[in-house]
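K.L.:
I am attaching a structure below and will ask some questions about it afterwards.
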Amino acid sequence: MDQEATYRGTVYPWQCDHVGHMNIMWYVGKFDEANWNLFARLGLTPSYLRSSGRGMAAVQQNITYKRELLAGDIVEIHSRLLEIGDKSLRFRHEMRNAETGEIAATCEITGVHMDRGLRKSAPFADAVRQTASMHLAEPAEV
């Protein structure tokens, strides 16, 4: 799944804090945008989520900050599906400075597939499970 970025963007000056680097709230925002691109590749497209009454909710998120990102830096995120359960996904994002290739941050998230009307977890549809299974990272990639 690592072939194409799930997010590309830049760090704007207004996203930087008093120390001069991108504030943590923007890391979370960029990882969130990558989530939705990853979900679409797995079959959890906006039209599927709307028509099925389903949604995704993060239940755990762990971010590791490795390098600063500064105003003007170009950011690229690549994502890997690590695990698919009956009602949940575990995946990892890797945020890099696109110019230097250095890893700026990683984020591992567990997300739950839910029925939006009942506000409870729900099993993935077979078609989604089949599509997502084709994107599982090999154990050596993890």
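Any read-out appearing in this document is the output of simple, stated calculations on the displayed coordinates, not a laboratory observation. No experiment lies behind these values; they were computed from the predicted model shown. Cβ: placed from backbone, ideal geometry, glycine included. Neighbour counts: every protein chain shown.
K.L.:
Criterion first (farther than 17 Å from Ile103 by Cβ, touching a residue at least 24 places away in the same chain (Cβ under 8 Å) and β-branched (Val, Ile, Thr)) does Ile24 satisfy it?
P.N.:
Spelling it out, it is not the case that Ile24 is farther than 17 Å from Ile103 by Cβ, touching a residue at least 24 places away in the same chain (Cβ under 8 Å) and β-branched (Val, Ile, Thr).
K.L.:
To continue, here is another question. Looking only at residues in the range 79-96 that are assigned to a loop (DSSP other than H, G, I, E, B) and charged (D, E, K, R), which one is surrounded by the fewest Cβ atoms within 10 Å (Cβ to Cβ)?
P.N.:
Asp86
K.L.:
So, one more: Going through Thr64, Thr45 one at a time, which residue ends up being of a type outside the set (A, V, I, L, M) and surrounded by 15 or more Cβ atoms within 10 Å (Cβ to Cβ)?
P.N.:
Thr45 is the lone residue from the list that is of a type outside the set (A, V, I, L, M) and surrounded by 15 or more Cβ atoms within 10 Å (Cβ to Cβ).
K.L.:
Being charged (D, E, K, R) and within 20 Å of Ala57 (Cβ to Cβ) is the filter here, so list the residues in the range 102-142 that pass it.
P.N.:
Once the filter is applied, which keeps residues that are charged (D, E, K, R) and within 20 Å of Ala57 (Cβ to Cβ), the range 102-142 yields Glu108, Asp115, Arg116, Arg119, Lys120, Arg129.
K.L.:
Could you tell me how many of the residues in the range 87-141 are over 15 Å from the mean Cα position of the chain (by Cα) and farther than 21 Å from Ala71 by Cα?
P.N.:
Total meeting the criteria: 25.
K.L.:
Next up: If the requirement is being among the charged types (D, E, K, R), out of contact with any Pro (no Cβ under 7 Å at 6 or more places or on another chain) and within 22 Å of Gly29 (Cβ to Cβ), which of these qualifies: Arg67, Arg119?
P.N.:
The conditions single out Arg67.
K.L.:
On the basis of being within 20 Å of Arg116 (Cβ to Cβ), surrounded by 15 or more Cβ atoms within 10 Å (Cβ to Cβ) and out of contact with any His (no Cβ under 7 Å at 6 or more places or on another chain), does Ser52 make the cut?
P.N.:
Working: within 20 Å of Arg116 (Cβ to Cβ): yes; surrounded by 15 or more Cβ atoms within 10 Å (Cβ to Cβ): yes; out of contact with any His (no Cβ under 7 Å at 6 or more places or on another chain): yes.
Yes, satisfied.
K.L.:
Quickly run through the range 64-78 and pick out the residues that are under 12 Å from Met22 (Cα atoms), in a strand (DSSP E or B) and not β-branched (Val, Ile, Thr).
P.N.:
Residues satisfying the conditions are Tyr65, Leu70.
K.L.:
Now, a different point. Identify the single condition in (1) within 28 Å of Gly72 (Cα to Cα); (2) of a type in the set (D, E, K, R); (3) in a strand (DSSP E or B) that Glu99 does not satisfy, given that it satisfies every other one.
P.N.:
Status for Glu99: all satisfied but (3).
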